[in-house]
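Input: a single structure, listed below in structure tokens.
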Amino acid sequence: MLEIRNVVASYGSVVALKDISFTAEIGKITTVIGANGAGKSTLLRLISGLEVATSGAIHWQGESLLGKSPESIVRMGVAHVPEGHAVIAPLTVAENIEMGALFRARSNKDDVKLAIGEVYELFPRLEERKNQLAGTLSGGERQMLAISRALVSRPSLLLLDEPSLGLAPLVVEQIIETIKALCISTGLTVLLVEQNANTALSVADHGVLLSIGSVVADQPAPLMRADSALRSAYLGY
Amino acid sequence: MNTLITTLFLGTTRGAVFALVALGLVLVWRGAGIVNFAQMGQAMFSTYVASTLIIKGYGYWFAFLIALAVGAILGAIVDLAVMRPLTRRSHAGVLASDSMRATVPVIASLGILGVLQSLAGMIWAAEERGFPTPVSDVAVKPFGKTAPFTKFDLFIIVVVALTLVVTTLFFKKTGMGLAMRATALNPEVARLSGIRISRVRTLSWAISGVASSLAGLLITPSANLSPNTLDLILIVGFTAAVVGGLDSLPGSVVGGFILGLLIAVINVYVSPDDVFLALLVFLLLVLILKPGGLFASKKVRNV
Ligand SMILES: Nc1ncnc2c1ncn2[C@@H]1O[C@H](COP(=O)(O)OP(=O)(O)OP(=O)(O)O)[C@@H](O)[C@H]1O
Ligand SMILES: [Mg+2]
């Protein structure tokens, strides 16, 4: 279980998260939705160790994450795919993927090979473009690559920041279906940050709605999806 | 005709050394975002160590390897003892702004250069020393004719070529090489991938230390060793790195060779007095015509 308790975070004088608490169940997709600037990316960056919280606690499977470096947090099974197709453009597709497994390349050689084979199976387009520079990929392919980079670390918790950004609905659907299948087959836990609340709530098990740094709703996804008052108040449709 | 060939040979061997210096500078620039003005001070120091060992009666190769090790260790120490604490994010005050965060380490490297030069002056009494070569440095004479190069020239070219091949293989074929490139290109994604970027950076400093110590060992036989003999080499190496685009490893190497040849040609056909003027003009021309350097990394759109 991912447990976020009374987390406060700020950038200088800007308070981005004001006392956030919620939990995400193992093997489920929990989606965090909210308008621009609600604090969604900040939340993921805190979990993966890229930012430091002012106060509060974050636990993954009973272990505290706050205060640890991103390098150590990855080793605890938490993989973060940050906003905006985060791949390293001047490296090849194969190198980007290999990079995600470097930290366990020596101790787990066979499994790394297996994991790389699996992501190529999930995204055959990437295998075809193996030796191409990541910077030459289309937006959708880059997102697949960023996710593959995270998957080869064999995460137990996957943090996805707006995977749908700039992608065609069909590609989004394909990526989300892939993730959903992984949750079912491997027990992967997913924290999915989305602008597009409708898509997110339709695949997620649970929804957390953030508004200017506070949790305003925390319910099963279908309930949240059906709540038109909530939608019009915070999401504007 | 013969003068021309001799000039080209001289240019190539000097260029090979400048290439090493430029490579060292680019490694640290890419890895840590710092222009390391102390680099040739570190090289001077390790060359003095080698020279002392040779004077004490140890063999050239033993001294050579020790000097490379000292270069690596000095590089790592500069990072661990000075640069890492200086660039730590938690520092408030002077380091609060981005421009200060970029400037302070460079100033610190100038300070380190000063410290190394005075230390060398104290330890080795600032005496000028010659430095031996492992192979003959008089012109080879195959078939009774004087060739335009010496065995030592060939030695330099072979050593530098080997170094470049090994470096390239290291970056392209090993996991650590990939980690170093990833860290230089995008530290955030590198960290999220589990790469321990501060260790990787220390390694960049160490490798840069080895490259510049090697340059020191190869160039001092043709200069004299004193605490600041290598200052000029740093200036040429830095120019080479900028000509090559500052963030491109192959660019720095090509830049080194171009400058080596340019300097040799100006030396022989114009006047040794005009070398630095020529360097300056060349640098300005490159910066005006190709502001990113001749080999600026290919821009890939980040959208
Ligand atoms: N590096 C930063 N420095 C200062 N303020 C920041 C920084 N990053 C984020 N903020 C501020 O923190 C708040 C939350 O930002 P965050 O990126 O978490 O929002 P978000 O919910 O991800 O928004 P979006 O949907 O647009 O990505 C915003 O007010 C933002 O301006
Ligand atoms: Mg965001």
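How about the stretch B:111-190: which trypsin sites (Lys or Arg not before Pro) there are in a DSSP loop, with at most 15 other Cβ atoms within 10 Å of their Cβ?
Answer in residue order: B:LYS145.
Positive end of the charge dipole of the stretch B:2-289 (Lys, Arg +1 and Asp, Glu -1 on Cβ, about the Cα centre): tell me which of B:VAL210, B:ILE195, B:LEU65 has its Cα farthest that way.
Most positive-ward Cα: B:ILE195.
Any aspartates and glutamates with Cα under 15 Å of the B:LYS172 Cα? List them, leaving off those in the same chain fewer than 8 positions away.
Filter leaves A:GLU95, A:GLU98.
Could you tell me which helices of chain B pass both thresholds, a Cα extent of 30 Å or more along their own axis and a mean Kyte-Doolittle hydropathy of at least 0.5, with helices taken as whole DSSP H runs? Mind dumping the intermediate values first?
Details: long enough: B:2-32 (45 Å, 1.36); B:98-124 (40 Å, 1.19); B:151-173 (32 Å, 1.78); B:197-219 (33 Å, 1.18).
Helices meeting the criterion: B:2-32, B:98-124, B:151-173, B:197-219.
Kindly list the residues of the stretch B:22-43 that lie in the label zone of B:ILE107, defined by a backbone N under 20 Å from the point 7 Å along the Cα-to-C-beta vector.
Once the point is set 7 Å along Cα→Cβ of B:ILE107, B:33-39 turn out to lie under 20 Å by backbone N, inside the stretch B:22-43.
What are the ³J(HN,Hα) couplings of the stretch A:81-97, residue after residue, when phi is run through the Karplus curve with 6.51, -1.76, 1.60 and θ = phi - 60°? Round to Hz, x for glycine and proline.
My calculation for the stretch A:81-97 gives 9, x, 4, x, 6, 6, 10, 9, 4, x, 9, 6, 4, 4, 5, 4, 5 Hz in order.
Could you pull out the pairs from A:LYS68/B:LYS173; B:LYS173/B:LYS290; A:LYS28/A:LYS68; A:LYS130/B:LYS173; A:LYS113/B:LYS173 whose alpha carbons sit more than 20 Å apart here?
A:LYS68/B:LYS173; B:LYS173/B:LYS290; A:LYS28/A:LYS68
How large is the charge dipole for the protein assembly as shown, taken about the Cα centre, if only the Cβ atoms of Lys, Arg (+1) and Asp, Glu (-1) carry charge, to the nearest 20 debye?
Using only the charged Cβ atoms, the result is roughly 720 debye.
For a quick check: with amide H placed at 1.01 Å from N, whose amide H comes under 5 Å from A:GLY27's, ignoring anything fewer than 5 positions away on the same chain?
A:THR189, A:VAL190
Taking only C-alpha pairs under 8 Å that are 6+ residues apart, what is the relative contact order of chain A in percent?
Computed value for chain A: 29 percent relative contact order.
Quick one: with all protein chains in place, what share of the accessible area of the protein assembly as shown is carbon or sulfur, to the nearest percent (1.4 Å probe)?
62
Under the rule of -39500 (n - 2.57) per DSSP H run of 4 or more residues, summed and divided by the residues of chain A, what mean residue ellipticity at 222 nm is obtained, to the nearest 500 deg cm²/dmol? Spell out each step's value before the answer.
Values: 9 runs with 86 residues, N = 237.
Calculated from helices alone, the mean residue ellipticity at 222 nm is -10500 deg cm²/dmol.
Where the only charges are on Cβ atoms (+1 Lys, Arg; -1 Asp, Glu), what is the dipole of the stretch A:1-108 about its Cα centre, to the nearest 20 debye?
In debye, rounded to 20, the stretch A:1-108 gives about 100.
Where the convex hull is taken over the Cα atoms of the stretch A:57-142, what is its projected area averaged over directions, in nm²?
Mean shadow area of the hull around the Cα atoms is 6.8 nm².
Hey, could you grab the Kirkwood Rh for the protein assembly as shown? Inverse mean 1/r over distinct alpha carbon pairs, Å, one decimal.
Details: mean 1/r = 0.0384 Å⁻¹.
For the protein assembly as shown, the Kirkwood estimate is 26.0 Å.
Which far-off residues, 5 or more places away or on another chain, put their amide H under 5 Å from the one on A:ALA217, with H placed in the peptide plane?
A:LEU209
Quick one: what are the phi-derived ³J(HN,Hα) couplings along the stretch A:73-80, Karplus 6.51/-1.76/1.60 with θ = phi - 60°, whole Hz, x for glycine and proline?
Computed from phi, the couplings for the stretch A:73-80 are 5, 4, 5, 8, x, 9, 10, 10 Hz.
Which is farthest toward the positive dipole end of chain B among B:THR220, B:PHE152, B:LEU178, measuring Cα position about the Cα centre, with Cβ charges +1 (Lys, Arg) and -1 (Asp, Glu)?
Looking along the dipole axis, the top candidate is B:LEU178.
Taking the Cα centre of the stretch A:146-237 as origin, sum charge times position over the Cβ atoms of Lys and Arg (+1) and Asp and Glu (-1), and report the length of that vector in debye to the nearest 20.
The dipole of the stretch A:146-237 has a size of about 140 debye.
I'd like the interface area for chains A and B: accessible area of each alone minus the complex, both sides summed, 1.4 Å probe, protein heavy atoms only. What is it in Å² to the nearest 100?
What A and B bury together is about 2200 Å².
Positive end of the charge dipole of the stretch B:5-124 (Lys, Arg +1 and Asp, Glu -1 on Cβ, about the Cα centre): tell me which of B:VAL78, B:ILE55, B:VAL21 has its Cα farthest that way.
The residue sitting farthest along the positive end of the dipole is B:VAL78.
At a Cα cut-off below 20 Å, give the lysines reachable from B:LYS141, other chains included and same-chain residues fewer than 8 away excluded.
Result set, ordered by chain and number: B:LYS151.
Enumerate the amide H contacts of A:HIS80 below 5 Å, restricted to partners 5 or more residues apart or on another chain; note that Pro and chain-start residues carry no placed amide H.
For A:HIS80, the qualifying residues are A:LEU159.
Hey, what do the phi angles of the stretch A:134-147 turn into as Karplus ³J(HN,Hα) couplings, whole Hz, using 6.51/-1.76/1.60 and θ = phi - 60°, x for Gly and Pro?
Taking θ as phi minus 60°, the curve returns 4, x, 8, 7, 6, x, x, 5, 5, 5, 4, 5, 4, 5 Hz for the stretch A:134-147.
Quick check on the stretch B:2-289: what are the equivalent-ellipsoid semi-axes from the Cα gyration tensor, as sqrt(5λ), descending, whole Å?
Over the Cα atoms of the stretch B:2-289, the semi-axes work out to 32, 22, 19 Å.
B:ARG191: accessible area at probe 1.4 Å, nearest 10 Å²?
My reading of the accessible area for B:ARG191 is about 60 Å².
Treating only the Cα positions of the stretch B:1-122 as identical point scatterers, give the base-10 log of I(q)/I(0) from the Debye formula at each q in 0.12, 0.18, 0.22 Å⁻¹.
Each listed q corresponds, in turn, to -0.58, -1.01, -1.24.
Write down the accessible area per residue of chain B in Å², having rolled a 1.4 Å probe over the full set of protein chains.
47
The values are calculated or read from the model by the stated rules, or taken from the named source; none is laboratory data. Just so we're clear, the structure is a prediction, and the values are computed from it rather than from any experiment. All Cβ positions, glycine included, derive from the backbone under ideal geometry; neighbour counts span all protein chains shown. Accessible surface is based on the protein model in full, side chains and every heavy atom, while ligands, DNA and RNA are left aside. Shrake-Rupley method; radii C 1.70, N 1.55, O 1.52, S 1.80 Å.
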